[in-house]
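The values are calculated or read from the model by the stated rules, or taken from the named source; none is laboratory data. The structure displayed is predicted, hence computed values, not measured ones. Every residue, glycine as well, gets a Cβ built from its backbone with ideal geometry; the counts of neighbours run over all protein chains shown.
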């Protein structure tokens, strides 16, 4: 009987105590991305400010948010972006979502000509 009460109290303590080990992400002012042109093998480093767009070839890249993990955590960057392909005056959305710097394959940008991945989020 006492063991059941102790388990209940322990579970309540675990679920209702705040978790101070989770640090807040740092909001960045710009995102540094790499663009690969698969045809010419050109690699371009681009820094795009939040809520701004950048055009390269047929692509138009819009950055909505970029977050960086705190210095005491494992380095990680997250960017929310939307990519349009402007072909023959028609704009087609080819990617929308989050990209993670350490795992570009978790939300891959798939395009026959270009490849995009996040390098880092810049605070300054």
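So residue 26 ticks every box in (1) modelled with pLDDT of 70 or more; (2) surrounded by fewer than 10 Cβ atoms within 10 Å (Cβ to Cβ) but one. Which box is left unticked?
Here residue 26 clears every test but (2).
Can you tell me which residues in the range 63-76 are surrounded by 17 or more Cβ atoms within 10 Å (Cβ to Cβ) and either outside any loop (DSSP other than H, G, I, E, B) or without any contact (Cβ under 8 Å) to a residue 24 or more places away in the chain (or both)?
Of everything in the range 63-76, those that are surrounded by 17 or more Cβ atoms within 10 Å (Cβ to Cβ) and either outside any loop (DSSP other than H, G, I, E, B) or without any contact (Cβ under 8 Å) to a residue 24 or more places away in the chain (or both) turn out to be 63, 66, 67, 68.
Return yes when residue 48 is on the phi < 0 side of the Ramachandran plot and in contact with a helix residue (DSSP H, G or I) (Cβ under 7 Å, 6 or more places away or on another chain) and no when it is not.
No, not satisfied.
Using the structure shown, decide if residue 124 is at pLDDT 90 or above, closer than 23 Å to residue 24 by Cβ and either surrounded by fewer than 16 Cβ atoms within 10 Å (Cβ to Cβ) or touching a strand residue (DSSP E or B) at 6+ places or on another chain (Cβ under 8 Å) (or both).
No; evaluated as a whole, the condition is false for this residue.
Look at the range 77-109 and say how many of its residues are under 19 Å from residue 42 (Cβ atoms) and part of a loop (DSSP other than H, G, I, E, B).
Within the range 77-109, residues that are under 19 Å from residue 42 (Cβ atoms) and part of a loop (DSSP other than H, G, I, E, B) number 1.
Under 7 Å by Cβ, and 6 or more places apart or on different chains, what pairs join a residue from the range 79-95 that is without any contact (Cβ under 8 Å) to a residue 12 or more places away in the chain with one that is outside any loop (DSSP other than H, G, I, E, B)?
Qualifying pairs under 7 Å: 92/84; 92/85; 93/82; 93/84.
List the number of the failed condition for residue 62; all other conditions in (1) out of contact with any strand residue (DSSP E or B) (no Cβ under 9 Å at 6 or more places or on another chain); (2) at pLDDT 95 or above hold.
Answer for residue 62: the failing condition is (1).
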